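Here is the structure we will look at, set down as structure tokens.
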Amino acid sequence: MERNDGRACDMPRAHKITVDFVSTAAGSCLIETGGTRVICTASVEENVPPFLRGKNCGWLTAEYAMLPASTGRRKQRDGLKKDGRGVEISRLIGRALRQAIDRDRLGERTITIDCDVLEADGGTRTASITGGFVALTCAIDKLIREGKLKESPIVHQIAAISAGVVAGKPCLDLCYTEDSSADTDMNFVMNELGEFIELQGTGEGAAFSREKLNRLIDLGESGCRRLMEAQRSALGEKTQWIGQKQKLVLASNNAHKIEELKTMLDGKYDVLSMRDAGFTEDIDETGETFEENAVIKAETVMRVTGYMALADDSGLSVDALNGAPGVRSARYAGDQHCDADNNALLVENMKNVPAENRTPRFVSCIAIASPFKPTQVVRGECPGVITFAPRGGGGFGYDPYFEYENGQTFAEMGHEMKNRISHRARAMEKALKLL
């Protein structure tokens, strides 16, 4: 089939994205796709709609309109009565671009994407989504440069394109003349993982087969990939804010604990130690419970660094010692004492306790403090037995004296085994669901 502009069926129209097209907007671009031209702007307000107030969550919405001369024949401006098509497309753009951001990390602010069509030659809604994402990224860049955000909430790159069946042939990126005579018209909104956010398809002129649908999907995916390359090229250095891993500061200077937690987090976050994040203060752990101390540490580090912080407060609780060493596990023998001194005191205090009463549990309480939402706390426990003599050369703290139900002390286990069954592993399993 010969297309009007000579393109192959799998070729999109020529596209161009001009970033920062409107100097007064927080973010903007002009997107040109063939004869279609759309100005996309992003505006930021430091508030949210009433239904989100107090929920520590941001919002993104969109408005779409065609300017009066955009179609050659003057289009009536929207007045009190909104154009139904414009309302439907506005909702589509908003739905699509909300998938680009983690609204919890946006804070209580609203970003509005305005898409104004200068010239319409087909694909205005898909061009608006593709350009709207660029404007959104520019707005996030400005918020970060102004110090209003510490890191980017953009978790996915979003682009959109059309495809359809014209004269029996699946074709990519229809212009107006093709769109108006197409048997099938489809719009694809996708992210960088190749996942669908929205798929709109209608057999306007004729029903379409599964074979044609599969071909249209292939065309839509390839078209979105090309548009994402164009988005990244236009954004330049601002591309760094797309899919940026969220920073997570571990509120600890204990190298063993940090290594365990990093392993459990499995690369999901950009993990920093307190020193890495520039935190050098001493934290007074004045709480009377593991939960209280975890919250104190996490919230202190979060306030100073501005990043989400995770704190673990853990220790050994022995039934025969009324829960001691408890929150003083690291300082059981005194503030300036070491693991060997703490273990020696534990052995001394347990010397007259018979085997059947030597039941302890390791306890881990993890607090997650975020700049944007209330602190959350989880607890994990691992029961065991206090041995009469130390066993094993691994681990740290009370590990040589803590025997698990498999007959091994924590110091005899390998790191992989311990990281699966420990009190910290059990608490982290719950914490990961919150993260």
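Bear in mind these aren't lab numbers, they're just calculated from the coordinates by the rules spelled out. Because the structure is predicted, anything quoted here is derived from the model rather than measured. Neighbour counts run over all protein chains shown; Cβ positions are idealised from the backbone, glycine included.
When the C-alpha to C-alpha distance is required to be over 25 Å, the pairs from K148/K238; K82/K238; K373/K418; K142/K433 that qualify are K82/K238; K373/K418; K142/K433.
Binning all Cα-Cα separations of region 79-134 at 5 Å, short to long from zero, yields these whole-percent fractions: 4, 16, 27, 23, 16, 9, 5, 1.
Once both labels are positioned 7 Å from their Cα atoms along Cα-to-Cβ, the gap between R73 and E229 label points is 3.9 nm. When L432, L261 are arranged by Cβ crowding within 10 Å, least crowded first, meaning fewest neighbours, the order is L432, L261.
In this entry, region 1-147 is assigned a mean projected area of 10.6 nm², taken as a quarter of its C-alpha convex hull surface. Look at the Cα gyration tensor of region 1-76: its axes a ≥ b ≥ c give a/c of at least 1.5 with a/b over b/c, and that counts as prolate.
Note down the net charge around V385, summing +1 for each Lys or Arg and -1 for each Asp or Glu among other residues with Cβ under 14 Å from its Cβ. Net of charged neighbours comes to -3.
Protection proxy ranking, highest mean first, for peptides 290-301, 208-219, 157-168: 157-168, 290-301, 208-219, where packing is the per-residue count of other beta-carbon atoms within 10 Å, averaged. Here the extension length gained between K351 and H415 equals 20.1 nm, from 0.36 nm per residue of separation less the Cα-Cα distance.
A simple spin-label model places the labels of H256 and K268 2.5 nm from each other, with each point 7 Å out along Cα-to-Cβ.
Of all aspartates and glutamates in the structure, those lying under 12 Å Cα to Cα from K212, and not within fewer than 8 positions of it along the same chain, are D183, D185. If you stretched the chain out fully between T202 and T286, how much longer would it get, using 0.36 nm times the residue separation minus the C-alpha to C-alpha distance? That pair, T202 and T286, stretches by 23.8 nm at full extension. Here region 156-290 yields Rg over Rh of 1.30, to two decimals, using C-alpha coordinates and the Kirkwood radius.
Helix 255-265 axis versus longest C-alpha principal axis of the chain: approximately 40°, rounded to the nearest ten.
By the helix-only formula, in which each DSSP H run with n ≥ 4 contributes -39500 (n - 2.57) and the sum is divided by residues, the chain has a 222 nm mean residue ellipticity of -9500 deg cm²/dmol. Percent of C-alpha pairs per 5 Å bin in region 15-241, short distances first: 1, 7, 15, 19, 20, 16, 11, 7, 3, 1, 0.
The residues packed around S90, meaning those with a beta-carbon under 12 Å from its beta-carbon, carry a net charge of -1 if Lys and Arg are +1 and Asp and Glu are -1. Across every pair of non-identical alpha carbons in the chain, the mean reciprocal distance, once inverted, gives a Kirkwood radius of 25.3 Å. Label-to-label distance, E146 versus R275, with points set 7 angstrom from Cα along the beta-carbon direction: 3.7 nm.
Tally Lys/Arg at +1 and Asp/Glu at -1 over every other residue whose Cβ is under 11 Å from the Cβ of V22; what's the total? Before the final figure, lay out each step's value.
Numbers: positive: none; negative: D20, D114, D116.
Charge balance in the 11 Å sphere: -3.
Compute the length gained on full extension between D335 and Q99: take 0.36 nm times their separation in residues and subtract their Cα-Cα distance, giving the result in nm to one decimal.
Values: separation 236, 0.36 × 236 = 84.96 nm, distance 4.96 nm.
Length gained between D335 and Q99: 80.0 nm.
Helix 210-235 and the long axis of the chain differ in direction by around 80°, with both axes built from C-alpha atoms. Residue order for I144, I17, I31, I129, fewest other beta carbons within 10 angstrom first, comes to I144, I17, I31, I129. Could you tell me what % of all Cα pairs in region 247-434 have separations over 29 Å? So the portion of pairs separated by more than 29 Å is 21 percent. In summary, the aspartates and glutamates within cross-link reach of K268, defined as a Cα separation below 16 angstrom excluding same-chain residues under 8 places away, comprise D102, E151, E259, E260, E429. Counting beta carbons within 10 Å around each of V249, V87, V378 and listing the fewest first gives the order V87, V378, V249.
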